[in-house]
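Participant: If you scroll down you'll find the structure; I have some questions about it.
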Amino acid sequence: MTAQASDGLLYNGDKHQLIGVAGTGLFDPQSYGFQPLGLNSGNRRGSCVTYVVKETELILQDLNIRDANDNYPKIAGVEVSQPNSKRGLAKYNNLMIPIPFTGKLRAARGFHREYYVHYGFQAPSAFDTVLDLTFNQGKLVELKDRSDEVAEMRGKFHEAFGNGDIRAQIDEAYSLSMELK
C-alpha cells in the first residue's frame, strides 16, 4: 500500500492538496463515460483532478485519467491533450467546468515530510496551512483556517500510526474524512 496522490485545489493563487471531503457533487469520471483504471500504487482511483476557486465558484480545471477502455472523449469541448502516454495517463487541461459541489473541502499546503505516512492520504497535522472551504451549489460560502488547530496536533497522528488496530488505521488513512488528526 502506498500514499495516494491527492486532488489539487488552487485557492488565492496557492496550490493545495485536497485532504478531506464531506458533501456531494464533485467531478465523477463515470458520469463522463470513463471507467477509471488505477494508474499505479500511488493512484488507485485512476484519476486526479485540479479544481480552482474563481472568485467564489468551484471550477474543474484539469483532469489526469487512465481509462480501462482507452476511451478519451471530448469534455466540455476540450480534446484530450496527451492520450495513450507510456503510463496510460491522459490529460485534459483548462476544462473550466463549474462544479455544483455542496459540502466541505479540506485543503492543505506546506507538507512536513517528516510526518509522511506511507498509506492513503496525509493527515491535516502534517501541513502548515489547513483550510476548510464550505460550498453551496458550487459557490464558496465560508472559509475557516484550521492551521493553528492542526499545529497543536502536529506529529501525534504520525507517532500513533502503526500502534493498535493497523487495519482500522489504514482504512482511516485511505478515507478523506474531515476529522482533524
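Rule-based calculations on the coordinates, nothing more; no lab input. Bear in mind the structure is a predicted one, so any value in this text is a computation, not a measurement. Positions of Cβ are backbone-derived with ideal geometry, glycine not excepted, and every protein chain shown enters the neighbour counts.
Participant: Against the conditions (1) touching a helix residue (DSSP H, G or I) at 6+ places or on another chain (Cβ under 8 Å); (2) on the phi < 0 side of the Ramachandran plot, where does GLY46 fall short? Just the number, please.
Facilitator: With respect to (1) touching a helix residue (DSSP H, G or I) at 6+ places or on another chain (Cβ under 8 Å); (2) on the phi < 0 side of the Ramachandran plot, GLY46 is out only on (2).
Participant: Only one of ALA76, ALA22 is within 22 Å of PRO98 (Cβ to Cβ) and touching a residue at least 40 places away in the same chain (Cβ under 8 Å). Can you tell me which?
Facilitator: ALA22
Yes/no matrix, rows are residues, columns are (1) more than 14 Å from the chain's Cα centre (by Cα); (2) under 22 Å from VAL130 (Cβ atoms):
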{"residue": "LEU26", "(1), (2)": "no, yes"}
{"residue": "PRO36", "(1), (2)": "yes, no"}
{"residue": "GLY46", "(1), (2)": "no, no"}
{"residue": "THR56", "(1), (2)": "yes, yes"}
{"residue": "ASN64", "(1), (2)": "no, no"}
{"residue": "GLY77", "(1), (2)": "yes, no"}
{"residue": "SER81", "(1), (2)": "yes, no"}
{"residue": "PRO98", "(1), (2)": "yes, no"}
